[in-house]
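To start, the structure under review is shown below, and the notes come after it.
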Amino acid sequence: MSEPISIVIADDHPLFRKGLEDILHTDPTVRIVGQAVNGEEALELIERHRPRLAILDVEMPRKGGLEVAAAVLERGLMVDIVLLTMHAARDLLDRALELGVKGYVVKESAVDDILACINVVAAGRTYVSGALSHHLVGRRESARKSVQALPGLDTLTPGERQVLELIAQSGTTREIAAKLGVSPKTVENHRSNICLKLNLHGANSLLRFALEHKSLLT
């Protein structure tokens, strides 16, 4: 028999966290190795236990789920992230997918979705609640149009693409770093790579490119 899927769960609402725990305990293929009530605790547990998967509430004290996901990406921790949210907003979904989040579950359907989500993510695929499927269709269509109009964009990594989108919103290096939860040096590296891949030269060429093509980037 294969090892159970090790999981850290984090949510600041005790009743919801208990309900999630009860659901997971019905599946012998998963094992909870830690529980947290805020993002900082969740990150500590992830670093300590190195679980296969972490289930995080988007809105928590002391780092929300997106901030924890950004920290996991920045630190190179090999753990798949599933986010739980009360909101079916596309901007949150886009942010999550850009950070490499593998599962995105709306809380109102978590009872029905969470075990299916875990199995899909553990199999190496991405899971998004059905309530958000229309956002995925819109996201794919926007990406398709962007690639057709600006072929060089398809060479950018998700992190580079996100930095480019924030530059288009006139974000400075420090502002972008703070928003993504990464260091300014990381943002500068992304900016250099973007310029190289898009063949941009000159001090303000990247900003001009981002502003001129803002409608295709955001």
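The values are calculated or read from the model by the stated rules, or taken from the named source; none is laboratory data. Just so we're clear, the structure is a prediction, and the values are computed from it rather than from any experiment. Here the Cβ positions follow ideal geometry from the backbone for every residue, glycine too, while neighbour counts run over all protein chains shown.
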Original post:
So which pairs qualify, if the first residue must be in the stretch 194-210 and under 17 Å from ALA168 (Cβ atoms), the second must be polar (S, T, N, Q), the Cβ gap must be under 9 Å, and the two must be at least 6 apart or on different chains?
Top reply: CYS195/SER205; LYS197/THR155; LEU198/THR155; LEU198/SER205; LEU207/SER170; ALA210/GLN169; ALA210/SER170
**OP:** Kindly check whether there is at least one residue in the stretch 152-172 that is over 26 Å from ILE81 (Cα atoms), at pLDDT 85 or above, surrounded by fewer than 19 Cβ atoms within 10 Å (Cβ to Cβ) and over 18 Å from the mean Cα position of the chain (by Cα).
**Re:** yes
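Residues that are over 27 Å from SER2 (Cβ atoms) and at pLDDT below 95: list the helices (runs of 4 or more DSSP H) wholly contained in the stretch 29-135 that include at least 1 such residues.
Details: elements: 39-49, 65-75, 90-98, 110-122.
Here the list reads 65-75, 90-98.
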**OP:** Scan the stretch 180-193 and report the pairs whose first residue is assigned by TED's automatic domain parsing to the domain that holds GLY159 and whose second residue is in a helix (DSSP H, G or I) and of a type in the set (Asp, Glu), with Cβ atoms within less than 8 Å and a gap of 6+ or a chain change.
**Re:** GLY181/GLU67; GLY181/GLU74; VAL182/GLU74; SER183/GLU74; THR186/GLU74; HIS190/GLU160; ASN193/GLU160
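Please work out which residue is farthest from ARG95 (Cα to Cα), limiting yourself to the stretch 154-207 and to residues that are in a helix (DSSP H, G or I) and of a type in the set (Gly, Ala, Ser).
Of everything passing the filter in the stretch 154-207, SER205 is farthest from ARG95 (Cα to Cα).
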Original post:
Are there any pairs with C-beta distances below 6 angstrom linking a residue in the stretch 7-33 that is under 15 Å from VAL105 (Cβ atoms) to a residue that is of a type in the set (Gly, Ala, Ser) and surrounded by 14 or more Cβ atoms within 10 Å (Cβ to Cβ), with the two at least 6 apart or on different chains, and if so which?
Top reply: ALA10/ALA36; ALA10/ALA42
